[in-house]
Amino acid sequence: MRNFIRVLQIAFTYIGTVVGAGFATGREILQFFTQYGHWASLTIVLTTGLFIWLGTKIMTISRRIGAKSFEDLNKFLFGEKAGVWISLFMFVILLGVNSIMLAGAGSVFVEHLNLSYQTGLFVTMIGTYFILRKGIQSIMTMNSLVVPMMLTLSVTVISQTLQSPGASRFLTLTTDHSLPSVWLAPLLYTAFNLVMAMPVLVPLGSQTESARAVTWGGIIGGTGVGFMLMAAHFAMSAQMPGISQYEIPMGSIANQLGWLVQIIYLILIFLEIFSTFVANIYGITLQVQQRTSLSPRVITLGIMVFCYFFSQFGFSSLLSLLYPMFGGLCLLWVLRLTLFGTPEIRGK
């Protein structure tokens, strides 16, 4: 039973880290999948397989080498010198990602709670600071509560969409994009999100005694991400192209399911953004701790101040500019991970 609980904690933390601002609001799915019409269903299947395989591999390697942070994993994959430079590059990427997470929280407060953008930013940062005082266990506990609710709501969205006139549109939607761009999109998406999840997947793997728990956690987690991708794509396809005008398209879909579902979904959107922000800040803090003598609290505060500054540029503009660029730069890292042989697993 204890091993089963650990598997679910790993799986839910994996899902909760990937399901961040762009995912939970629907912006990522529109940009990387739904805009490519009927091809998106196939590219989501490909993405799911990559999340299962490579997410599990990250945790397995981290467990074998006892990695304390993503810098240890990079040194193992690329060598001492190259690993340091790649970790610095990852650090910059993650700072950008967390700025997007923070901007997403601000957008939720503005568009659906009628509160100010700055209120959303400060609530997120204050909550993050207090949760991180308890380390990775608090991150796992938080995701173990939030992710099952999000999975349940995804089922609700699917069941409601099945009753709509456009339910079959995900099979017939056309696109003007070329085939190379269609099949490059899932690779970019997977590469970026694996790098985003790496700061949490590394300590998850290295702090888990059971190799079987790591494996099944990765399998269930990757499958869960794929399911939620498909559910959101299915729902948004039924309302294309009008749905693409919204800053938070999945929030618009929730509006049509009744006030209770709308409130629950908006709360979950914020919590998913929040959980990803917390997880990434934790991972960055671990990496910085290896290089400085500063306390974790000071490091966390410094990182959040940086993210606050860059979150002032807004959500959609940051998402459109940074995500594709980050994804392309991360392809090199994922290629190396793909080609790296699966290490011997210690324990059972």
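For the reader, a short list of remarks on this structure follows.
- Test: residue in the range 109-126 that is within 21 Å of the chain's Cα centre (by Cα) and over 29 Å from Ser252 (Cβ atoms): no
- Annotation note: Cβ proximity below 7 Å between a residue of the range 264-275 that is touching a residue at least 24 places away in the same chain (Cβ under 8 Å) and a residue that is crowded, with 24+ Cβ neighbours inside 10 Å and among the hydroxyl-bearing types (Ser, Thr, Tyr) (sequence gap 6+ or interchain) occurs for Ile269/Thr25; Phe274/Thr124.
- Qualifying residue in the range 124-135 (condition: touching a Ser or Thr at 6+ places or on another chain (Cβ under 8 Å) and open to solvent by 70 Å² or more (accessible area, probe 1.4 Å)): no
- Whenever a residue of the range 180-192 is in contact (Cβ under 8 Å) with a residue 60 or more places away in the chain, it has no partner that is basic (Lys, Arg) lying with C-beta atoms less than 7 angstrom away and at least six residues away or across chains.
- All of Ser275, Ser252, Ser237, Ser295 fail the test of being of a type in the set (Ser, Thr, Tyr) and more than 24 Å from Gln31 (Cβ to Cβ), apart from Ser295.
- Of all residues in the range 213-246, exactly one satisfies the criterion of being over 26 Å from Thr13 (Cβ atoms) and either of a type in the set (Val, Ile, Thr) or under 18 Å from the mean Cα position of the chain (by Cα) (or both), namely Ile243.
To keep it simple, each residue is scored yes or no on (1) assigned to a helix (DSSP H, G or I); (2) under 30 Å from Phe122 (Cβ atoms); (3) of a type outside the set (Ser, Thr, Tyr).
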site: Gly221; (1), (2), (3): yes, no, yes
site: Leu229; (1), (2), (3): yes, no, yes
site: Gln262; (1), (2), (3): yes, yes, yes
site: Arg291; (1), (2), (3): no, yes, yes
site: Ile299; (1), (2), (3): yes, yes, yes
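- Checked against the criterion of being at pLDDT 85 or above and surrounded by fewer than 18 Cβ atoms within 10 Å (Cβ to Cβ), the range 221-235 has at least one qualifying residue.
- Subset tally (residues that are small (Gly, Ala, Ser) and touching a Leu at 6+ places or on another chain (Cβ under 9 Å)) for the range 243-268: 3
- In the range 236-256, residue surrounded by the most Cβ atoms within 10 Å (Cβ to Cβ) [restricted to those that are in contact with a Ser or Thr (Cβ under 7 Å, 6 or more places away or on another chain) and not in a helix (DSSP H, G or I)]: Ile248
- Restricting attention to the range 186-216, the residues that are open to solvent by less than 10 Å² (accessible area, probe 1.4 Å), of a type outside the set (A, V, I, L, M), closer than 19 Å to Asn280 by Cβ and in contact with a Ser or Thr (Cβ under 9 Å, 6 or more places away or on another chain) total 6.
- Scanning the range 72-119 for residues that are of a type in the set (Asp, Glu) and modelled with pLDDT under 85 returns a single hit, Glu111.
The values are calculated or read from the model by the stated rules, or taken from the named source; none is laboratory data. Predicted model, so just to flag it, every value in this text is computed and none were measured. Note: ideal-geometry Cβ built from the backbone for every residue, glycine included; neighbour counts use all protein chains shown. Keep in mind that these areas ignore ligands, DNA and RNA; they rest on the heavy atoms of the full protein, side chains included. Shrake-Rupley method; radii C 1.70, N 1.55, O 1.52, S 1.80 Å.
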